[in-house]
Amino acid sequence: MKFKSVKWIGSAIWVNSVTIISQVFQIAPGGLATYEATMSIALSSIGFEMKLGLHLALVSHFMKFIFSYITGIYALVVHPIDWDWIKNRIKRGGNSL
């Protein structure tokens, strides 16, 4: 499959935008299945086979989760959470500091 760079960039932006906007309609936690279904359909509309589109969507979603977990672990190590403060906030209720 050959893509010209300008068409490829525009198509990638379109596929990403459609996939992200579909999250408004998600039911499952994390957009599971909504994300994959929408991205597969968007990729098939620009010429990818549905099977390949589903594989790409699964890999893409997996990479998002891995990035989130690695970033979260890094944040916890660099900026440890004061659990007493969190327990106190829960007891007090509300979102104000």
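The values are calculated or read from the model by the stated rules, or taken from the named source; none is laboratory data. Nothing here was measured: the structure is a model prediction, and the numbers come from that model. For neighbour counting, all protein chains shown are included, and Cβ atoms are generated from backbone atoms with ideal geometry for every residue, glycine included. Heads up: the accessible areas ignore ligands, DNA and RNA and are worked out on the full protein's heavy atoms, side chains in. Shrake-Rupley method; radii C 1.70, N 1.55, O 1.52, S 1.80 Å.
Seen against the Cα atoms of the chain and their longest principal axis, helix 34-45 is set at about 20 degrees. The candidate values are [x] 158; [y] 109; [z] 81; the one derived from this structure for volume of the Cα convex hull per residue in Å³ carries the label [x]. Based on DSSP H segments of at least four residues, each scored -39500 (n - 2.57), the chain has a per-residue ellipticity at 222 nm of -23500 deg cm²/dmol.
Taking label points 7 Å from Cα along the Cα-to-Cβ direction, ALA28 and TRP14 give a separation of 2.7 nm.
Remark: spin-label model distance MET50-HIS79 equals 4.4 nm, labels positioned 7 Å along the Cα→Cβ axis. Averaged over residues, the count of other Cβ atoms within 10 Å places the peptides 64-74, 40-50 in the sequence 40-50, 64-74, highest first. Specify the angular offset, from 0 to 90 degrees and rounded to the nearest 10, of the alpha carbon long axis of helix 50-78 from the longest principal axis of the alpha carbons in the chain. Helix 50-78 sits roughly 20 degrees off the main axis of the chain. Non-local lysine pairs in the chain, meaning eight or more places apart or on different chains, with alpha-carbon distances under 25 Å, amount to 5. Relative to the dominant Cα principal axis of the chain, helix 5-21 is inclined by about 50°. Taking the 1.4 Å solvent-accessible surface of the chain as the whole, the part contributed by carbon and sulfur is 71%.
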